[in-house]
1. As a quick test, which of the pairs Lys244/Lys318; Lys75/Lys419; Lys82/Lys397; Lys266/Lys419; Lys99/Lys266; Lys139/Lys401 have an alpha carbon distance above 29 angstrom in this structure?
2. Mind running the shape call on the stretch 318-426? Use the C-alpha gyration tensor, a ≥ b ≥ c as the square roots of the eigenvalues: rounded below 1.5 for a/c, prolate if a/b tops b/c, oblate otherwise.
3. Need one value: the accessible area of Thr87 in square angstrom, 1.4 angstrom probe, rounded to the nearest 10.
4. Shape call for the stretch 272-322 from the C-alpha gyration tensor, a ≥ b ≥ c root eigenvalues: rounded (a/c under 1.5), prolate (a/b greater than b/c) or oblate?
Amino acid sequence: MSLYHHQHIQTHRKGFSRRSFLKKFSMGAMAAGTLSFHDLMSVSAEELRKEGRAMILLWMAGGPSQLETFDPKPKSSGAGDKKAISTSVSGIEISENWKNTAKVMQDIALIRSMTNKEGNHQRASYQMHTGYIPSGSVKHPSLGSNIAREIGNRELDIPSIVSVGTTNGAGFLGVDYEPFNVSNPGNTPNNVAATVPNQRYQKRLGLLNRLDSEFAGRGGEVVVKNHSKIYNKASSLVLSPETKVFDFSSEPESLREQYGDNTFGKGCLLARRLVEAGSTFIEVRSNGWDNHANISEVITPISQQVDTGMAALISDLKERGMLERTLVVWMGEFGRTPKINARGGRDHYPRVFSAAMAGGGVQGGQVIGSSTANGSAVQDRPVSVADLFCSICQSLKVDPKKENMSPLGRPMKIVDGGKVVTELFS
């Protein structure tokens with residue numbers, strides 16, 4: 001790359017425009033031989049990192065019932081006892097346990113026509129995190145790990161990908177893109193705060209490096225390399241002032257109350273703080289959605305916790321001017337049967353279920369697709385897992401067709417097939 005082009009890029013990085021850069025440099029510079037295709041893609045990727053785009057996944061572990069959340073069927077025989085309530089958008093109704101979410105429906109797009117074939121928890125959860133069905137020959141990276149790899153800010157000490165609760169990992173992308181797990185949001189994670197002065201801590205790291213070097217010299221290069229990556233990441237976090245992102249003491253009590261005094265609500269507040277600090281992908285997990293029995297009783301408290309945290313998150317992001325560049329996705333591994341079983345619950349049902357999206361350029365206040373009157377099938381506009389993933393990539397400006405090489409030497413796309421649900425962005 002010529003000195004002129006290098007200087008021009010440097011001076012524009014604070015206020016970088018991808019469109020203007022591509023227009024000025026791509027064809028002309030490539031034709032002149034001063035800017036290679038690799039240079040162009042590298043600068044484009046760097047620009048996306050500077051944009052600070054991020055995603056927050058609100059994961060409903062167990063498979064939430066669409067009828068008790070975002071696709072109520074008050075007139076069907078299997079409706080259950082939860083009423084449908086109006087929202088801030090005329091004509092859109094959701095279940096009565098979601099009163100706070102109803103107030104921000106103008107910012108949310110509901111997809112009521114998700115459809116899939118996997119009805120097993122482990123397989124479906126794997127697929128809804130990676131886009132692939134499980135395989136004995138390869139461990140696929142989660143979409144979050146792929147996104148962090150593509151647009152994560154590598155200069156930060158805090159992790160690019162964080163999970164409040166357990167989740168799928170980086171697979172063959174390796175330890176660089178494994179999620180940092182937080183079990184108690186609102187408190188500094190265990191083993192992050194240094195227990196000795198920095199100088200002594202650095203001496204300990206030096207000793208560890210010498211031991212690793214000896215082991216590497218005896219044939220343990222690969223193990224040492226991965227081990228070193230993990231320790232280097234951990235050390236950067238331990239010694240960094242950016243660990244304050246995990247401490248909520250600076251947040252007003254009134255705002256903390258809006259999110260809710262529970263793990264999920266605190267997880268949502270942490271997600272907002274992490275995005276604000278530069279993290280790229282945060283997952284917040286809510287457990288308890290595998291409601292095979294007594295769904296009427298058990299679904300109310302977990303719904304209300306998620307309702308409070310989700311609505312507060314969307315409102316807070318919007319008030320801070322962050323919602324346009326932050327995609328919030330609510331989903332689980334599948335839906336529940338349209339008929340209530342003999343135990344008063346609903347069983348696994350991947351044939352039709354719901355998802356919700358807000359921010360990240362998504363046009364809120366709309367419903368995409370529909371299920372039949374009794375909720376047994378998709379009536380119109382079916383949306384597959386791959387379609388949803390392509391749409392997420394569209395929001396985050398990630399190329400879903402980009403290929404990564406698996407350990408078996410097989411190129412694997414970030415998303416295998418699928419098309420963008422264009423209605424989300426119109």
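1. Values: Lys244/Lys318 23 Å; Lys75/Lys419 33 Å; Lys82/Lys397 39 Å; Lys266/Lys419 34 Å; Lys99/Lys266 19 Å; Lys139/Lys401 18 Å.
Over 29 Å apart, Cα to Cα: Lys75/Lys419; Lys82/Lys397; Lys266/Lys419.
2. Working: a/c = 2.11, a/b = 1.32, b/c = 1.60.
Oblate, since a/c reaches 1.5 and b/c is not below a/b.
3. Surface open to solvent at Thr87 totals about 30 Å².
4. Numbers: a/c = 5.32, a/b = 2.23, b/c = 2.38.
Oblate is the answer for the stretch 272-322, as a/c is 1.5 or above yet b/c matches or exceeds a/b.
The values are calculated or read from the model by the stated rules, or taken from the named source; none is laboratory data. Model, not experiment: these values are computed from the prediction. With ligands, DNA and RNA removed, areas are computed over all heavy atoms of the protein, side chains included. Shrake-Rupley method; radii C 1.70, N 1.55, O 1.52, S 1.80 Å.
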